[in-house]
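Novice: Okay, handing you the structure first.
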Amino acid sequence: MVLRDKSVVLGVTGSIAAYKAADLASKLTQAGAAVDVVMTRAATEFIAPLTFRSITHRPVSSSMFNAPTEYEIEHIALAERADVIAIAPATADIIARLAAGIADDLLCCTVLATRAPVILAPAMNVNMWENPITQENLERLRARGFRVVEPGYGAMACGATGAGRLADTERILGTIQQVLGSGGDLAGKCVVVTAGGTQEPIDPVRHIGNRSSGKMGYALAEAARDRGAEVTLISAPTSLAEPVGVETVHVQTALEMRQAVLDAVSTADVLIMAAAVADYRPANAGKTKIKKESAADMTLELVRTPDILSEVKGGLVKVGFAAESEDLVKNAVAKLKEKGLDLIVANDITAADSGFDVDTNRVVLIDGKGNQEELPLLPKPGVAHRILDRVADILAAKKM
Ligand code: PMT
């Protein structure tokens, strides 16, 4: 959402990883950004400008001296229009030229002339990456406020293995979103989000769990980040990648989640518990694998886990979820009161397209004053933003 109608200048330089910039340009465009691609001459040897023009539906610039489509001094126009400039891949050469303030091509001139934030996603051979000259250049740029998306580790086109691979598109995209959202309505706020389903061990190989995928909680963490919040995500096991720009704490059990939440909320303004926390755990988890020969049938003794939301006290805004298969609103209101919440997200888990392990959700938002808002079926990131709209209102009402 933070990318919609934003102007992104995407700089592409001469690396074998230049083709990966096409995927980034495509995702930025799909998210609603106006993407102006500026290529160095070397980049045009690796990938054709036509590729980016076709993806972005906008002209692609690669020279200071092309006849402009409208009369404007192009590097100044791009520099002023940009909400953010991202250079991906960024070679050792462009990093060195930017660090030295050289202005010998359109991309360098645009960066030098802009007041927008600049993000660099380096890609190069491992020895070039580790060379102290490159590292010193990057340090200099970081000190000037440039954001660097660290390259990944792995096999390279040159045959070497090491650090220097262009970071994944999702990491670069996440960094662009975080930078664009830094002045949002949750700027300066500290938000703690829980996600996923806790796992309660029966023995070293088995556990009691649930079908939570973590998608709802991760969407909330990313949405809060994109609105400027400092986010701590406390995650039970999921298969999702850690969100960029979010401090992620991994836990397994309800007891571990409780401790992580109590540690994190001491400095938080908001707690949102989207995790499906087990209400019971085996009283005595086996230290070794339980053998089936030991008994024909088996009874597990379960004990209650602590209610984390009820334990959290203090002036922060508390948001809970209620996953319900019947009497949705009635049961959610009861939980809102029991747990002393500011807002509860009543989650209908009866439909196939809502609740656990799907990309969409259908919820009713209910606040402490009894106001109800029924949302239509939405993708989970959309639901997350609607919840955060209400959180921002509650923070404003509490003058926090
Ligand atoms: O992860 P996904 O696949 O995207 O699915 C999302 C979801 C369905 C898990 C999510 O939208 C949701 O509804 N989460 C809450 C699930 C749940 O455990 O609801 P509950 O009604 O049992 O618990 C009520 C609230 O108390 C929840 O905020 C829960 O985090 C919290 N709780 C529960 C038990 C416990 N011991 N301590 C708690 O704090």
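Bear in mind that the values in this text are calculations on the coordinates, not laboratory data. Quick caveat, the model's predicted, so the values are computed rather than measured. With ideal geometry, Cβ positions are generated from the backbone for all residues, glycine too; neighbour counts draw on all protein chains shown.
Novice: Count the DSSP beta bridges whose two residues both fall in the stretch 7-180, then state the antiparallel fraction as a percent rounded to the nearest 5. Before the final figure, lay out the partial values.
Specialist: Details: 4 of 21 bridges.
Roughly 20 percent of the beta bridges in the stretch 7-180 run antiparallel, per DSSP.
Novice: Still on this model: Subtract the Cα-Cα distance of Leu112 and Asn371 from 0.36 nm times their separation in residues, and report this length gain in nm to one decimal.
Specialist: Working: separation 259, 0.36 × 259 = 93.24 nm, distance 5.08 nm.
Separation in residues times 0.36 nm, less the Cα-Cα distance, equals 88.2 nm.
Novice: Going by average Cβ density within 10 Å per residue, which order do the peptides 245-258, 350-363, 301-314, 7-20 take, highest to lowest?
Specialist: Details: 245-258: 18.6, 350-363: 16.4, 301-314: 14.2, 7-20: 24.1.
Most protected by this proxy first, the peptides run 7-20, 245-258, 350-363, 301-314.
Novice: I've got another one for you. Pull up the DSSP beta bridges for the chain and report the antiparallel fraction as a percent, rounded to 5.
Specialist: 30 percent
Novice: How large is log10 I(q)/I(0) at q = 0.12, 0.16, 0.20 Å⁻¹ when the Debye formula is applied to the Cα atoms of the stretch 209-292, each weighted equally and without solvent?
Specialist: Ignoring solvent entirely, the Cα scatterers give -0.41, -0.66, -0.95.
Novice: By a straight-distance test (C-alpha under 14 Å), which aspartates and glutamates pair with Lys337 as possible cross-link partners, with residues fewer than eight away in the same chain excluded?
Specialist: Asp307, Glu311, Asp367
Novice: Now for a separate question. State, as an integer percentage, the relative contact order of the chain based on alpha-carbon contacts under 8 Å between residues 6 or more apart.
Specialist: Values: 863 pairs, mean separation 42.5, N = 400.
Averaging sequence separation for qualifying contacts and normalising by length gives 11 percent for the chain.
Novice: What ranking of Phe146, Phe65 emerges when the number of other C-beta atoms within 10 Å of each C-beta is taken as an exposure proxy, fewest first?
Specialist: Phe65, Phe146
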